[in-house]
Amino acid sequence: MSDLPFILFSLVAAWAAIMVVTRDIAVHALLYLVVVLLSLAGVFFALGAPFAAMLEIIIYAGAVMVLFVFVVMMLNLGQTDRDRERHWMAPGVWIGPTLLSGLLLIALCLTLRAMPPTTGSDTLAPIGPQTVGILLYGPYVLSVELASFLLLAGLVSAFHIGRDTRATGVNSGTATGDV
Amino acid sequence: MDALLLPLIVACPLLAAGLLFMSAGRMPPLPTCVIGAGSVGLSALMAAMLATGFLRTPPPAGALHATLWSWMQVEGFNTRIAFTLDPLSLVMMLVVTGVGFLIQLYAYGYMHDDPGIARFFGCMTLFVAAMLVLVFSSDLLSLYIGWEGVGICSYLLIGFWHTDTANVAAARKAFIVTRIGDAALLCGLLLLATRAGTLDIPALLHIAATRPADLSAETAAFLLLGGAVAKSAQVPLQTWLPDAMAGPTPVSALIHAATMVTAGVYLIARLHPLFASVPAAMTAVTIIGLVTLLLAAGSALVQTDIKRILAYSTMSQIGYMFLALGAGAWQAAIFHLVTHAFFKALLFMAAGAIILRVHHRQDIYQMGGLARAMPGVFVAFLAGAAALAGLPLLTAGFYSKEMILQGAWHAAPLLWAGALLGAFATAIYIFRCLFIVFFGTRHTEPHGRTGATMAMPLACLAVLALTGGWMEMPDAIAPVHLLSHLLSPLFGAPMPEGPTWLLWAGSLVPLAGVGVAWLLWRPRIQTRAPPEDALARLARAGWDFDTLYDVLIIHPFVTLGRLNQTDICDRLSNATAATARAGGRMLGRMQSGQVRRYAGWIAAGTVVALCLGARP
Amino acid sequence: MIALPSLVLLPAAGGLAAWLSDRGPPARHLPWWIAIATILSQTLLLLFVTCTAGWSSGPWLAHFSMPWIPALGIAARMDMDGLSLVLLWLTTILSFPCVILSARDVGERPGLFHLLLLATIAGINGVFLATDLFLFFFFWELMLVPMYVLILQWGHEDRRRAAIKFFLFTQGSGLLMLVAILGLVILHQHATGVVTFDYFALADTPLMPTAAMVLMLGFFIAFAVKLPVVPLHVWLPDTHTQAPTAGSVLLAGILLKTGGYGLIRFVVLQFPDATARFTPVALAMGAAGILYGAWLSLAQDDMKRLIAYSSVSHLGFVLLGVFSGSAMGMRGAVVQMVAHGLSTGALFVIAGSLQDRLHTRDMRRMGGLWQALPHLSSIGLFFAIASLGLPGMGNFVGEFLVLLATWRISPPIAILGAAGLVLSAVYSLTMVGRAFLGSPHAGQDTDQTPPPADFGARQMTVLGLTMALLLVLGTYPQPVLDLSLPATPHAAPEMEAIHP
Amino acid sequence: MNATSPTQALLLATILFTIGMLGVLARRNLLLMLMSIEIMLNAAALAFIAAGARWHAAQGQVMFLMILSLAAAEAAVGLAIILRLHAAGRPTLDADTGNRLKG
């Protein structure tokens, strides 16, 4: 019965994801994306990962999405863009991707089914940030370093790409500042 | 001394030919001719010396040998360049050098104003050298050198006037058709060499005489026969000879009448024990001879070109020789070879003299009435025609043909009847030609004179054509057997003579033929046009063997070759290249730079990888 | 004997000198003179080698050995037997027409041209001498690359395609050979525990029949492409047609012979059992090559293509001879290679000269050249006649011995080969008839107001000597026949190995 | 009680991933593609978390952190590129013409 929140969150996430993919107005899609992220945070919580759920909300739904919002604002989209999106999303366009995605879904599901059923711990005792932190700065310290390199690279390249415009400088600053 | 003379006889014209080719046409005509004819004359002189020596004191083993050098010496096979002079090659040597010299002399008169005279004499002397190699060789492989050598000289000389494409084509045809026979001959040599380990003629003949004929001997005999048939223009490889008349007339006289075309006869006579041991081959020789003799005579009856008449006549006469060979009358064949060399060379040279004086026209219907304008040539032609027809008692052709008829009678009376029919046709066609050319109204005014260098050989050969037969006579006339006696160590005793009425038949039939010719083409009632019915056309075209071969062999071969000009194998490798290129282009099209496509490919790859991974 | 590597190094060094001497137009012929000096000294060197060879000490005449990469058992080992000597002489003789007649008037960058030419010759010399398989492969590639550049840089209109085709075919088959070499080395190591590329050691490797067959096929395909054998011949017509004249002469005259040489030395002698089992196939391929090459030769309009296909036909005889399994056939094949080198090389010189004069190779646009070019035409006629196998010329000796050897094991194949002789007459005389005889082509004398120049003394001398050589080979082939039997690897020249 | 949860979570991750991929493949607008990629990344992160829950290990969350930083960097660079394109006169953000990089 404590499956219920999980299922609920799952359904919301899936539905919202579909909405993201099919919206013709960018802001709507963005908002649905936030919904996806929030419900995923719920799923994480249900799976016993509160720390991940918090990070999902703070960094993803908070910082990264704000980034998107800024960009959408700067793009200054209007009616013509909406029409164009509509035009781009003609029904015929969907056939190929749907087919491919469907195939992938079937293949993945088959793979899932082939997995042995879980026999591990019955209870999903939550794993707190302390455990994660010990692990992160213990054996995984190298990957932390790598992640920092990645972020540095992201910073540098975002700065380089957006050097000549006034907006990108701010963006890159935000992106790196979040983590 | 004598053995040394043997290679010298060959070397003399060979050196002269080398000299003439080296001069590259910078020498004036007279020295050219002196070198050319002189060398052959010198050869003839040496040949005569050799012959007198040979006849006066025959060498111990009946033959002179001169081994020059070892040609090829490898494991299991050994061949030498070696010459032998025995009675058969003695006769041939005398014919080749003697007639060759006369024709060279004549050729100076015929060709002296041609710019390519050095090339002409070079090829002619080279031909004489090659023919002598053919005649002298005591090893079949060195005989093959001469055999092919005369072929290539024939090619060069038929195509002597090479600016005319037709001449070039005729030359090529002559060489290729004979080359087919040569390939058969070569196969025969391979077979013999494999069987015996040597191509030395005495050794081969010894084997043929001692070992019973097996399959390989039979095959070898037939393969050699193939070579002889092509060289001597017998059915079914006879088609090149009429076209070969495109060459200058001295060439036709020397190569396509007197010497080269009789090489096949010589080959069979030289290897007669081998053939005699294979009855099937002998029958084949007989049949080929008879068929050629009749077909060619039929063609000669309706030709309009004087040289083609003579060409078909040559085929027909060599048919006689083959008939004699097949019947086992070896002496008769060689005898006819000799007399034929005389009278046919004479006829060609007389024809050449006529052609030269009627503006290079060769159609007999455009000549006519020439007897008065050129009496000397007329007499020479008459002598040649009489000898060819075999008019009794007086002419050489009579005696040799008579001998062949006797031989045929002994083999089978049917052959005799066929040969007699041939003799009848021979008399008709040659006298038809004579009547049309020399009698009746004149259609072309002759010009100039026949020069001394041309007249002298004509006279010599005319005498020979009449008297050359007296060395061998039937017992019923006079018991003279010079040639048979000379050749009998080689061929054994000559055949016994048949009943006397054969002689009567053989004498009267040619006369009847002349009579028929007179009835049909005597000056009064001469028609001015050749017969034009279907049979005549067929016969004039040489019974359409050419068309047959063209449709059956040459055309498909060439067409297929043309179709495959770009090489189907190449197409294959090109297809590989094209596939690779198309594949590359397709892969290249995948690199379109469109992100979504890349994503799609990644997704598809993932699906495939998952499916593959999930399977086991 | 140090002279053996010198035979390779000398042309290479001469080529480098020619390259360095290229100082632009003022001294345009300087590289040419250096090349002539090089081949002259190469001739002298070869003469020296011939004279000082160990004629009395068995079939192997000279020997050189030096460690190269000892860790892998690779040595710079060269041995010379009669076969090598004959082919080295052929190379040396043919480099004269190559350099003297064809290379003099090369337009651009003569220094590089001569470098590549001489480098190819160096590679060929190396191929004929090397008895270390690694070294052999090295030289095999060495002669390929300069040739490729020669065609690419100085070829005719479609040279890129031809050069790439040439390269792909030869390189691809060369890789097969490399695989076979490595396979042989590894099997040898398994059997004896010794890693070596030495020819004599590897020839004694005990092999399973299947393994021997596979390795033999690897070598066979490499050499068959080079020779060429019929389904693999397709690079040859294009390459010959597009190569510069000197390249064509070198290709037809010598490069193809490396295929025949390889077949003898590295297929027949190294894998005698596998060869014996492969013989029927090889004989059939040889006969097919003779007939197919002749047939296609007949259908060509391009003179160089015609000659190229005639090469395919002639080299079918070499295949027959090599696989006839008898010493006679082997000797015949070698004589055929030498004679074909001389006659076809000369024919390519003539075709090249015609192209220089008429700017076409198309025989439909020739005809009646005898009037304008009597010397050239008569020489062309001579070599055409030689190539149709007239007795008395070298080609006949080779063809006859090959056919005789073939007849002993398979008369039908020999008959097919003899039929090829008829076809060779057809195409040779067709070529002569279309190019030199007949009436002059209509557009010929109007196009060019000055008539094309005939052969001068230089060409006549060189080609005249070639003619003389062919005649001598045809009438007195015994020296070549005596020399040409290859020495077996089982009679290794051990006694000379001590003093290199 | 939660015995089947990780498997169900994996199923959800699969579905989300597929939907995200559908978006990437079907949408031509670069911005929307970027969003779809975010969904896919989240799906991957969910799979890690689920696996971590299944084995009761913290490594799943460590990986989640890595993915998070990756997503942040990716979003930063991607959005910078979008802005740059927009500023350079390609306001449509059409992914199919994105291969013509030279403005």
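No value in this document is a laboratory result; all are computed from the given coordinates. Everything numeric in this text was worked out from a predicted model, so none of it was measured. Ideal geometry is used to build each Cβ from the backbone, glycine not excepted, and the neighbour counts take in all protein chains shown.
Computed values, structure above
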read-out	value
Rounded Å value of the spacing that divides the Cα centres of the stretch B:76-100 and the stretch C:251-296	39
Chain B, relative contact order in percent, only Cα pairs under 8 angstrom and at least six apart counted	12
Filtered chymotrypsin sites (Phe, Trp or Tyr not before Pro), the stretch B:139-228: DSSP coil and at most 10 other beta carbons within 10 Å	none
Using θ = phi - 60° and Karplus 6.51 cos²θ - 1.76 cosθ + 1.60, couplings along the stretch B:253-262 (whole Hz; Gly, Pro as x)	5, 7, 8, 9, 9, 8, 10, 4, 5, 8
Assigned charges on the beta-carbon of Lys, Arg, Asp, Glu; the stretch B:566-614 dipole about Cα centre (debye)	280
Label-point separation in nm, residue C:194 to residue C:364, each point 7 Å along Cα→Cβ	6.3
Histogram of C-alpha separations across the stretch B:63-179, 10 Å bin width, %	13, 35, 32, 16, 4, 0
Helix axis angle, B:279-302 relative to chain B longest principal axis, alpha carbon, degrees	80
Fewest-first sequence of C:428, B:400 by Cβ atoms within 10 Å of each Cβ	C:428, B:400
Taking all pairs of distinct alpha-carbon atoms in the stretch B:1-155, Kirkwood radius in angstrom	15.9
Residue among B:59, B:530, B:455 farthest towards the positive dipole end of the protein assembly as shown, charges placed on Cβ	B:530
Dipole magnitude of chain C, debye to nearest 20 (Cβ charges: Lys/Arg +1, Asp/Glu -1, about Cα centre)	620
Using alpha-carbon coordinates, inclination of helix B:2-23 to the longest axis of chain B, degrees	60
Set B:173/C:226; C:165/C:226; B:173/C:257; B:231/C:257; B:173/B:401 screened for pairs whose C-alpha atoms are more than 24 Å apart	B:173/C:226; B:173/C:257; B:231/C:257; B:173/B:401
Whole-number D in µm² s⁻¹ for chain B, Kirkwood Cα-pair radius fed into Stokes-Einstein, 4 °C, 1.567 mPa s	50
Selection from D:63, D:22, D:78 lying farthest towards where the dipole of chain D points positive, charges on Cβ	D:78
Relative contact order [Cα under 8 Å, 6+ residues apart], the stretch D:5-90, whole percent	27
Cα centre as origin, Lys/Arg/Asp/Glu Cβ charges: the protein assembly as shown dipole, Debye	2320
Residues C:226, B:173, sorted so that the one with the fewest Cβ neighbours within 10 Å comes first	B:173, C:226
Chain B - mean residue ellipticity at 222 nm from DSSP helices (-39,500 (n - 2.57) per run, n ≥ 4, rounded to 500)	-23500 deg cm²/dmol
Computed over the stretch C:3-489, Cα set: Rg, Dmax in Å	21.6, 75
Under DSSP loop assignment and at most 14 Cβ neighbours within 10 Å, longest GluC sites (Glu not before Pro)-free interval of chain C	C:158-500
Sequence of C:302, B:113, B:139, B:363 once ranked by neighbouring C-beta atoms within 10 Å, starting from the fewest	B:113, B:363, C:302, B:139
As computed over the protein assembly as shown, the Cα convex hull volume per residue (Å³)	258
Exposed-site-free run, longest, chain B (rule: GluC sites (Glu not before Pro); DSSP loop; at most 13 other C-beta within 10 Å)	B:76-531
Rounded to 10°, Cα long-axis angle of helix B:87-111 versus longest principal axis of chain B	90
³J(HN,Hα), Karplus 6.51/-1.76/1.60, whole Hz, each residue of the stretch C:252-260, x for Gly, Pro	5, x, 10, 4, 5, 5, 4, x, x
Model label zone, residue B:211; criterion: amide N under 20 Å from point 7 Å along Cα-to-beta-carbon; scope the stretch B:182-202	B:185-202
20 Å Cα-Cα reach of residue C:304 towards aspartates and glutamates, excluding residues that sit fewer than 8 places from it in its own chain	B:567, B:570, C:105, C:157, C:158, C:238, C:356, C:362, C:454
Charge dipole (the stretch C:3-489, unit charges on Cβ, about Cα centre) - positive-most of C:318, C:370, C:351	C:370
Relative contact order of chain C, defined on C-alpha pairs under 8 angstrom at six or more residues apart (%)	16
